[in-house]
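One structure is given here, and the rest of the page talks about it.
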Amino acid sequence: MARSSSGFVAGLTAAAVAAVCFLAYQASANVPADLSAKPRATATATPSTSPSGGPKQPVRDPLAVPADSGTGERVVYGLADRRVWLVNGAGKATRTFAVMPSTVSPPPGAYAVTSRSGTVRGSDGAQIEHVVRFATAQDVAIGFSAAVDGSMPEPDPTRKTGGVRMKRADGNALWSFAVIGTKVVVVS
């Protein structure tokens, strides 16, 4: 009897460890890229004046989903912000992260994910993974990807490239979110 009890306890212990590992992985996949960043102040409704005496523009929260990005579930790519938001059906960002734009950018508008590749060599020669393509501009395919080595270098301005680079963890999240047909909205 003692022998079967210890086997039962060992089985329960193994199952508990596996469950904790799974939950730890899920938590790490959803953690913000930079936990050390301090929260930023949001805009206030109280009008104020600037030092020049004119009305002060409200401070925009850079992590808030751009208002002009449509509705529903979507990926939002802010060209000026160099940022991507993964937005759920309720219009709330489930994740946002900084990206390194390519040398060729799509014009603002609505697109859809047209193709995906697990791993390929990028037009800059880097080995990349989780490629999610959604547009073509200047005869260059535009898509999101992450370099396998984790780098996000500034692209060579003399070459026409369409890879919008991100960190690997962000690439994993985008890969899970943006299946074929997912809406991608590009804003200025």
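The values are calculated or read from the model by the stated rules, or taken from the named source; none is laboratory data. Since this is a predicted model, take the numbers as computed values, not measurements. Please note: Cβ atoms are built from the backbone with ideal geometry, for glycine as well, and neighbour counts cover all protein chains shown. Keep in mind that these areas ignore ligands, DNA and RNA; they rest on the heavy atoms of the full protein, side chains included. Shrake-Rupley method; radii C 1.70, N 1.55, O 1.52, S 1.80 Å.
Would you say residue 152 is modelled with pLDDT under 95 and among the aliphatic types (A, V, I, L, M)? For residue 152, the condition - modelled with pLDDT under 95 and among the aliphatic types (A, V, I, L, M) - is met. Criterion applied to 27, 67 was being within 17 Å of the chain's Cα centre (by Cα), modelled with pLDDT of 50 or more and open to solvent by 60 Å² or more (accessible area, probe 1.4 Å), and the one residue passing it is 27. Scanning region 137-188 for residues that are more than 15 Å from the chain's Cα centre (by Cα), over 22 Å from residue 68 (Cα atoms) and not in a loop (DSSP other than H, G, I, E, B) gives 140, 141. Only one of the numbered conditions (1) modelled with pLDDT under 95; (2) under 19 Å from residue 63 (Cα atoms) is not met by residue 86, and that is (1). Each residue in region 167-181 was checked for being of a type outside the set (Gly, Ala, Ser), open to solvent by less than 70 Å² (accessible area, probe 1.4 Å) and in contact with a His (Cβ under 9 Å, 6 or more places away or on another chain), and 3 of them qualify. Checking 99, 131, 120 one by one, the residue that is within 15 Å of the chain's Cα centre (by Cα) and farther than 24 Å from residue 63 by Cβ is 131 and no other.
The residues on offer are 164, 132, 184, 120, and the sole one that is surrounded by fewer than 19 Cβ atoms within 10 Å (Cβ to Cβ) and aliphatic (A, V, I, L, M) is 120. Restricting attention to region 84-117, the residues that are open to solvent by 40 Å² or more (accessible area, probe 1.4 Å) and in contact with a Pro (Cβ under 7 Å, 6 or more places away or on another chain) add up to 1. Taken over region 138-158, the criterion of being loosely packed, with under 15 Cβ neighbours inside 10 Å and either of a type in the set (Gly, Ala, Ser) or within 13 Å of residue 104 (Cα to Cα) (or both) is satisfied by 138, 139, 150, 151, 154, 156, 157, 158.
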